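Worksheet for the structure shown next.
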Amino acid sequence: MAKIISQSSSRVKPQVTASHSSPQEASASGRAAIKFRPCIDIHKGKVKQIVGSTLKDLPESSSDSGTELKTNFVSDKPSSWYSELYKQDHLTGGHVIMLGADEESKRTALEALSAWPGGLHMGGGVTCDNAAEYLDAGASHVIVTSFVFREGRLDQDRLDRLVKLVGRQRLVLDLSCRQRDGSYWVVTDRWQRFSDLSLSETSVAQLANSCDEFLVHGVDVEGMQLGIDEKLVELLARCSPIPVTYAGGARTLEDLERVRVAGQGRVDITVGSALDIFGGSLKYQDVVAWHHQQRAEVTITAD
């Protein structure tokens, strides 16, 4: 069984953990280092890259092409191949996301976690009933959204129970959002339902008391390789008092730099569909080199 604790208890975190850019990682010129957080998205037992806003609960036999999800890439490699690649390149704090609750996808997710114990976060259908199982399987953190946003509202009781079960140090809240009426609203249930929670300094600071990190997909641009949502990145940098990772739209190394600058070195970045390991044109090894180089440059400057 997983070692589960109350929020008030002390806990030693897994040996492999995700760190956030600290003040020491900023140079006198204001340059700061961020992290590239890799991903493994799983749908119907396969590693895939899809346009997240098209993901819905569809009948297995649906023949209506207008309602089908848009798939950018389907891998012929096992999920463990990606875990081992990220481990080899020392890319901690990435995420495994199940885009569906079927058993085949669960097996594929568990395979990814077991290939790198302590190196990855696990999300997709996480509840109080299965969180401990994923931590047992090797996840350093579990990621949760829909379980604590029930029927479009934050269910504080469910969030408190989850924190008591696993400890806030092993919990990531997914605040993936869409823009409406000039604000960013958290969306749940496969990003199809708007919640009543908008991202603000007050709401984000309050939620930060219940988790270790945030993961935020800019759903309006996610999977489309249209460029990042700089306004959202700026908002996250301004509002979040804890580590936060942005995902959505990144397609070039210049986009990664835009996240670093717009996020003031406080917002990490995930890249999916644009990478060549997922069928895109951006070389994975170039992103890894960028990740290590900009962090090394800041360390040297600080010294």
Can you pull a Stokes-Einstein diffusion coefficient for the stretch 174-296 at 20 °C (1.002 mPa s), Rh from Kirkwood over Cα pairs, as a whole number of µm²/s?
145 µm²/s
The answer for the stretch 155-206, accessible area per residue at 1.4 Å probe in Å², is 45 Å²
What is the log10 of I(q)/I(0) for the stretch 144-235, computed with the Debye formula using one identical point scatterer on each Cα and no solvent, at q = 0.23 Å⁻¹?
-1.23
Please give me the summed charge of the neighbours of Ile242: other residues whose Cβ is under 9 Å from its Cβ, Lys and Arg +1, Asp and Glu -1.
-2
Tell me the label-point distance for the pair Lys283, Ala296, using the 7 Å Cα-to-Cβ offset, in nm and rounded to one decimal.
1.6 nm
Summed residue charge, Cβ within 12 Å of Lys77's Cβ, Lys/Arg positive, Asp/Glu negative:
-1
Counting only heavy atoms of protein chains, what accessible area per residue, in Å², does the stretch 90-139 have with a probe of 1.4 Å?
34 Å²
Computed over the stretch 155-303, the relative contact order (Cα-Cα under 8 Å, seq sep at least six) in percent reads 17 percent
Too long at a 19 Å Cα-Cα cut-off: which of Lys70/Lys283; Lys48/Lys106; Lys35/Lys70; Lys44/Lys283?
Lys70/Lys283; Lys35/Lys70; Lys44/Lys283
Residue-wise HN-Hα coupling along the stretch 235-241, computed from phi with Karplus coefficients 6.51, -1.76, 1.60 (Hz; x: Gly, Pro)
5, 5, 4, 6, 9, 8, x
Of all DSSP beta bridges with both partners in the stretch 101-175, the antiparallel percent, nearest 5, is 25 percent
For the stretch 207-287: relative contact order, % (alpha-carbon pairs under 8 angstrom, 6 or more apart)
29 percent
So, with a 1.4 angstrom probe, what is the percent of accessible area on the stretch 151-229 that is carbon and sulfur?
41 percent
Mean separation of Cα contacts under 8 Å, 6 or more apart, over the residue count of the stretch 143-202: relative contact order %
34 percent
Expressed in nm to one decimal, what extension gain is obtained for the pair His90 and Glu254 from 0.36 nm per residue of sequence separation less their Cα-Cα distance?
56.8 nm
Segment Val74-Ala101, length gained on full extension (0.36 nm per residue, minus Cα span):
7.9 nm
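The values are calculated or read from the model by the stated rules, or taken from the named source; none is laboratory data. Because the structure is a prediction, the values reported are computed rather than measured. Cβ sites come from the backbone with ideal geometry, for glycine too, and all protein chains shown count toward neighbours. Side chains are part of the model used for accessible areas, which takes the heavy atoms of the whole protein and leaves out ligands, DNA and RNA. Shrake-Rupley method; radii C 1.70, N 1.55, O 1.52, S 1.80 Å.
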